[in-house]
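Q: Following this message is one structure expressed as structure tokens.
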Amino acid sequence: MTELHLLGELVVILGAAVVVVLVLSELRLPTIAGFIVAGALVGPGALGWVSDPRQIDLLAEIGVVLLLFTIGLEFSLSELRRIGNLVALGGGLQVGLTTLATLAVTTALGLPVNRGLFYGFLVSLSSTAIVLRALAERGETDAPHGRLVVGALLFQDLCVVPMMLVTPLLAGRQGGLVAVPVALGKAALLVAATLVLARLVVPRALHLVARTRRRDLFVLAVLLICAGIAWLTSSVGLSLPLGAFLAGVVLADSAYGHQALADVLPLRDTLSSVFFISMGMLLDFGVLASRPLGVAALVVAILVGKTAFASLAGLMMRFPLRVAVLAGFGLAQVGEFSFVLAKLGDGLGLVGQAELRFFLAASVVTMIVTPLAVRLGPHVAAGAGRLAVLERLLGVRDAEPEPEAGLSDHVVVMGYGVGGRLLADALRSTGIPYVLVDIHAERVRAARARGEPALYGDVTSPEILTRARVEGARQVVVLINDPDAIRRAVRVTRRLAPRVPILVRTRYLAEMKPLIEAGATDVVAQEFEASMEVIAHVLRTSAIPRNVISERIRHARQSGPATERAVTIPRRTLGESRELDDLKIESFLVNDGAWIAGRTVAESELRRRTGVTLLASSRGGESAVHPLPADVVEAGDILYLVGGGEELAQARRLLERGPGDPMAATSQGAAPTRGTKNS
């Protein structure tokens with residue numbers, strides 16, 4: 001009957017989770033918050049439909065293991081190198097400042113140092129799942145503040161492992177703080193052994209499994225690696241989640257990492273959902289009812305404090321104030337891994353049940369309000385961006401030489417990504433003066449090293465745009481990835497330069513109208529223009545005539561925004577024309593003793609004798625298309641011939657041996673091959 005009772009409780013919690021998440025999704029609130037709220041509703045603190053949450057703890061633990069396993073799978077060393085500074089400095093400053101500030105507050109309130117440090121761990125972590133989803137929905141993952149947030153989140157994910165390692169020591173287990181070097185030594189040896197395993201054993205084993213082409217066997221092998229390494233770490237005194245993370249790292253850089261992630265994700269999402277529900281069961285609505293002001297005060301303290309310290313970390317990395325504040329809003333909530341640590345601390349007696357319920361109540365509220373904070377962030381950041389005092393105090397802006405005083409009739413290029421570099425190359429090659437403006441210090445340094453006229457700064461700042469002389473520019477081109485910054489840059493530019501044309505690149509068609517209303521002269525929507533290219537490519541490779549393709553493109557454009565962009569359809573090559581598969585192109589080198597050497601094209605009578613067309617010739621690196629009949633063929637020339645397989649063989653014999661060769665003369669008077677022209 002125990003199994004049936006557990007199954008019944010699973011039905012209850014999963015049914016409640018589906019209903020609550022559906023309701024919250026209509027309010028555009030995060031799924032994880034829905035799982036926690038569902039757990040709180042059915043748990044002992046509210047309806048009591050699940051009286052003993054410990055019965056589903058095993059499933060919840062498996063969910064945590066799979067969650068950390070997939071984090072390890074997504075941990076790419078190449079990605080870490082790309083945003084290494086943002087990870088190490090941005091994440092380190094954010095976690096360090098938040099932890100120290102929490103420790104200072106808790107110590108002032110009379111809590112011991114070990115508990116204060118543990119609370120600092122809990123508060124310093126943010127929700128990777130919620131924040132990344134919010135950034136992706138707003139198209140801000142590649143924006144400057146998005147990159148800073150992603151770097152900080154990656155650092156936090158890496159910090160979870162040492163935090164879980166240190167937590168038992170903070171609770172006085174494993175010999176106290178003196179045992180830290182021993183535990184870290186174990187971890188270092190385990191990491192080294194894992195790397196050796198990753199290089200020598202796992203790829204070969206998975207290769208043997210993959211050769212069977214049995215997906216079920218591959219999934220079992222992946223789970224075996226996850227469970228095996230996790231069990232190995234726990235057997236030497238370390239945590240299961242640490243082993244799961246290392247197992248993910250083992251597979252991350254292998255050829256099977258992406259497939260392993262794809263196969264495990266459904267199981268991870270299911271069981272990690274059970275974990276979030278189980279954490280919600282610890283939420284006591286009685287706490288909200290009995291201590292509403294206390295919970296509200298803690299929520300405000302967490303949101304304001306984390307926003308402030310994350311923003312300060314961004315400023316210390318020399319990001320403009322607007323970008324730093326946006327990053328601060330993104331990292332303001334408490335994260336899902338805080339619940340992992342909280343549960344571990346509860347089991348070790350490091351935090352009491354009453355304190356845990358109080359903290360969980362505030363944490364759930366911070367997660368629920370995160371989407372609202374992300375939407376409010378740009379407005380607050382825009383106002384903060386006008387306060388340059390803090391930036392100057394911290395030396396955020398580089399000391400840069402002013403552009404030439406007489407600079408005018410130039411192009412201001414906002415953003416030095418791929419599009420900015422290509423445009424700068426085109427402007428430089430055509431002699432058009434230009435100025436680059438970018439907020440990424442590394443890009444600006446690289447541009448200056450190449451001799452580019454580049455300014456470091458925020459394109460939404462009137463001061464920066466004045467230094468770029470937008471009022472005297474011939475055109476302003478906006479090529480950045482932050483939608484909110486694009487709109488603000490257009491408004492500021494239009495205010496400073498009412499008559500200067502502004503060309504904007506944006507991602508989505510829906511963003512065109514607001515940008516035109518903000519002052520943009522023309523907007524190129526990647527979504528729409530890419531669709532036009534896809535239509536042209538598909539029809540071209542399907543052998544549709546060029547004029548028909550042009551007509552379909554014009555028809556498609558009529559359903560979209562007005563644009564001055566001309567219809568461009570790449571021409572098909574002969575090899576792409578499947579209806580001409582019977583034709584082949586072949587090259588022929590004219591040797592010294594060849595019959596054709598010294599004779600004209602007309603003398604060869606190539607088309608009449610063999611049915612082959614002389615398409616082009618090359619001499620000394622210079623090519624001539626459709627050589628004239630009077631052109632003399634010389635030794636060393638390369639002739640390009642078009643025809644069928646047998647006709648080309650006859651043409652080779654003719655050019656090499658002459659019409660007297662019986663094999664070369666067999667096709668004299670042959671009918672021309674379909675689709676060719678006389679040479």
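The values are calculated or read from the model by the stated rules, or taken from the named source; none is laboratory data. What you are looking at is a predicted structure, and each value in this text was computed from that prediction instead of being measured. We place every Cβ from the backbone using ideal geometry, glycine too, and count neighbours over all the protein chains shown. Side chains included, ligands, DNA and RNA excluded: accessible areas come from the protein's heavy atoms. Shrake-Rupley method; radii C 1.70, N 1.55, O 1.52, S 1.80 Å.
Q: For region 487-525, name all the residues that are open to solvent by 50 Å² or more (accessible area, probe 1.4 Å) and of a type in the set (S, T, N, Q).
A: Across region 487-525, the qualifying residue is only THR521.
Q: Grab the helices (runs of 4 or more DSSP H) fully contained in region 276-356, keeping just those with 1 or more residues being modelled with pLDDT of 85 or more and under 34 Å from the mean Cα position of the chain (by Cα).
A: Values: elements: 285-290, 292-316, 321-330, 336-347.
Result: 292-316, 321-330, 336-347.
Q: Right, something else. Restricting the search to region 91-101, which residues are modelled with pLDDT of 90 or more and not hydrophobic (A, V, I, L, M, F, W, C)?
A: GLN94, GLY96, THR98, THR99, listed by residue number.
Q: Ok, one more. Limited to region 130-149, what total is found for residues that are open to solvent by 40 Å² or more (accessible area, probe 1.4 Å) and part of a helix (DSSP H, G or I)? Full working, then the answer.
A: Initially, region 130-149 is screened for residues open to solvent by 40 Å² or more (accessible area, probe 1.4 Å), giving 132-133, 136-138, 141-142, 147.
Narrowing the set further to residues that are part of a helix (DSSP H, G or I) leaves 132-133, 136-138, 147.
Number satisfying all stated conditions: 6.
Q: Here are the criteria: (1) in contact with a helix residue (DSSP H, G or I) (Cβ under 7 Å, 6 or more places away or on another chain); (2) under 12 Å from VAL412 (Cβ atoms). Tell me which single one GLN475 does not satisfy.
A: (1)
Q: Only one of these conditions is not met by ALA88: (1) within 20 Å of GLY330 (Cβ to Cβ); (2) open to solvent by less than 20 Å² (accessible area, probe 1.4 Å); (3) at pLDDT 75 or above. Which number is it?
A: Single failed check for ALA88: (2).
Q: What do you reckon, is PRO453 open to solvent by 20 Å² or more (accessible area, probe 1.4 Å) and under 30 Å from the mean Cα position of the chain (by Cα)? Step through it out loud before you land on a result.
A: Values: open to solvent by 20 Å² or more (accessible area, probe 1.4 Å): yes; under 30 Å from the mean Cα position of the chain (by Cα): yes.
Criteria met by PRO453.
Q: So which residues in region 433-445 are free of Cβ contacts under 8 Å to residues at least 24 places away in the same chain and either over 25 Å from LEU315 (Cβ atoms) or open to solvent by less than 50 Å² (accessible area, probe 1.4 Å) (or both), if there are any at all?
A: LEU436
Q: If you don't mind, there's one more thing I want to ask. Any idea which of THR370, THR430 is under 31 Å from the mean Cα position of the chain (by Cα) and either open to solvent by less than 20 Å² (accessible area, probe 1.4 Å) or at pLDDT 85 or above (or both)? Steps first, answer last, please.
A: Values: THR430 fails: under 31 Å from the mean Cα position of the chain (by Cα).
Sole residue among the options that is under 31 Å from the mean Cα position of the chain (by Cα) and either open to solvent by less than 20 Å² (accessible area, probe 1.4 Å) or at pLDDT 85 or above (or both): THR370.
Q: If you check GLY519 against the conditions, is it farther than 29 Å from ALA556 by Cα and small (Gly, Ala, Ser)? Spell out the reasoning first.
A: Working: farther than 29 Å from ALA556 by Cα: no; small (Gly, Ala, Ser): yes.
No.
Q: Okay, next question. When both residues are 6+ apart or on different chains and their Cβ atoms are under 7 Å apart, which pairs have a first residue that lies in region 105-116 and is over 18 Å from MET163 (Cβ atoms), and a second that is surrounded by fewer than 17 Cβ atoms within 10 Å (Cβ to Cβ)?
A: Qualifying pairs under 7 Å: THR107/VAL113.
Conditions (1) at pLDDT 50 or above; (2) open to solvent by 40 Å² or more (accessible area, probe 1.4 Å); (3) assigned to a loop (DSSP other than H, G, I, E, B), marked per residue:
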| site | (1), (2), (3) |
| --- | --- |
| LEU639 | yes, no, no |
| GLU646 | yes, yes, no |
| GLN650 | yes, no, no |
| LEU654 | yes, no, no |
| SER667 | no, no, yes |
| ARG674 | no, yes, yes |
| ASN678 | no, yes, yes |
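Q: Does ALA104 count as over 30 Å from LEU224 (Cβ atoms), open to solvent by 30 Å² or more (accessible area, probe 1.4 Å), modelled with pLDDT of 90 or more and small (Gly, Ala, Ser)? Break it down into steps so the answer makes sense when it comes.
A: On the way: over 30 Å from LEU224 (Cβ atoms): yes; open to solvent by 30 Å² or more (accessible area, probe 1.4 Å): yes; modelled with pLDDT of 90 or more: yes; small (Gly, Ala, Ser): yes.
The answer is yes for ALA104.
Q: Given the options VAL413, VAL365, name the one that is under 29 Å from ALA327 (Cα atoms), outside any helix (DSSP H, G or I) and modelled with pLDDT of 80 or more.
A: Values: VAL365 fails: outside any helix (DSSP H, G or I).
After applying the criteria, what remains is VAL413.
Q: Cβ-Cβ below 8 Å, separation at least six or inter-chain, first residue in region 1-13 and modelled with pLDDT under 75, second open to solvent by less than 90 Å² (accessible area, probe 1.4 Å): which pairs?
A: Partner pairs satisfying both residue conditions: HIS5/GLN55; LEU6/GLN55; LEU6/ILE56.
Q: Filter region 20-64 down to residues that are within 19 Å of GLY248 (Cβ to Cβ) and open to solvent by 20 Å² or more (accessible area, probe 1.4 Å) and give me whichever is modelled with the highest pLDDT.
A: That would be ILE62.
Q: I need every pair where a residue in region 193-220 that is at pLDDT below 80 has its Cβ under 8 Å from the Cβ of a residue that is exposed (fewer than 13 other Cβ atoms within 10 Å of the Cβ), sequence separation at least 6 or different chains.
A: Final answer for the pair search is PRO203/ALA255.
Q: Which of the residues belonging to region 590-634 are more than 18 Å from PRO659 (Cα to Cα), open to solvent by 50 Å² or more (accessible area, probe 1.4 Å) and among the aliphatic types (A, V, I, L, M)?
A: LEU615, VAL625, LEU628, ALA630 - these are the residues of region 590-634 that are more than 18 Å from PRO659 (Cα to Cα), open to solvent by 50 Å² or more (accessible area, probe 1.4 Å) and among the aliphatic types (A, V, I, L, M).
Q: What pairs can you find where one residue is in region 503-517 and of a type in the set (Lys, Arg), the other is modelled with pLDDT under 85 and not in a strand (DSSP E or B), and their Cβ atoms are less than 6 Å apart, with a gap of 6+ or different chains?
A: Here the result reads ARG507/GLY139, each pair linking region 503-517 to a residue that is modelled with pLDDT under 85 and not in a strand (DSSP E or B).
Q: On the given criteria, is ALA255 surrounded by fewer than 15 Cβ atoms within 10 Å (Cβ to Cβ), not polar (S, T, N, Q) and not in a loop (DSSP other than H, G, I, E, B)?
A: Working: surrounded by fewer than 15 Cβ atoms within 10 Å (Cβ to Cβ): yes; not polar (S, T, N, Q): yes; not in a loop (DSSP other than H, G, I, E, B): no.
Judged against the criteria, ALA255 is not a match.
Q: Suppose we keep only residues that are part of a helix (DSSP H, G or I) and open to solvent by 50 Å² or more (accessible area, probe 1.4 Å) within region 458-486. Which one would you say is modelled with the highest pLDDT? Full working, then the answer.
A: Applying the first criterion (part of a helix (DSSP H, G or I)) to region 458-486 yields 462-467, 470-472, 483-486.
If we keep only those that are open to solvent by 50 Å² or more (accessible area, probe 1.4 Å) as well, we get 462-463, 466, 471.
Numbers: PRO462: 86, GLU463: 80, THR466: 87, GLU471: 90.
For region 458-486, the residue satisfying everything is GLU471.
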